[in-house]
Amino acid sequence: MAFCDAWSCTLHSHHNTEETVYFPLLEEQSTEKGVMARNHAEHGTFLPGLLTLDEYIQNVKADVKTYDGSRILKITEDLGPALEAHLTNEIDLLESLAKDEKIDWNLLGKTMAAHSKKVADRVSIFIF
């Protein structure tokens, strides 16, 4: 369960950093207003599945539920398509934004890295 917990924690942390730091900076710098709205909305498409995984993990860790690998598989298979679509769309969007000369990619990278270091869960994300 430690791996599943760390994976979920990493994903939550990554998307929180995108929502609070990366997306607002891209919106501010991009010549295309509303450019990150779709990505923001896509986070909501797989969040319910991720929260289901979180709940299952916590219940197993608290001995409320018995570990069942098929349950983990079902949860991840259910959230997988929305997460995969989001990640694919995000890459396509970032590649298209590479042409936007107003975006300071160095600033974005440094700002996101600094925020990530500040808020990182150094206990739960030990695996990664």
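The values are calculated or read from the model by the stated rules, or taken from the named source; none is laboratory data. A quick note: this is a predicted structure, and the numbers were derived from the prediction, not measured. Cβ coordinates were reconstructed from backbone atoms using ideal geometry, including for glycine residues, and neighbour counts include every protein chain displayed.
Structural remarks
- Candidate set from segment 16-31 (those that are touching a helix residue (DSSP H, G or I) at 6+ places or on another chain (Cβ under 9 Å) and surrounded by fewer than 16 Cβ atoms within 10 Å (Cβ to Cβ)); member that is farthest from R71 (Cα to Cα): S30
- Test for G34: is it modelled with pLDDT under 95, over 20 Å from L87 (Cβ atoms) and surrounded by fewer than 13 Cβ atoms within 10 Å (Cβ to Cβ): yes
- Check on T111, modelled with pLDDT of 95 or more and among the polar types (S, T, N, Q): no
- Among the residues making up segment 37-46, a single one is free of Cβ contacts under 8 Å to residues at least 12 places away in the same chain and either surrounded by 13 or more Cβ atoms within 10 Å (Cβ to Cβ) or closer than 26 Å to N106 by Cβ (or both): A37.
- Of all the numbered requirements in (1) touching a residue at least 60 places away in the same chain (Cβ under 8 Å); (2) under 18 Å from A2 (Cα atoms); (3) assigned to a helix (DSSP H, G or I), Y22 misses one, and that requirement is (2).
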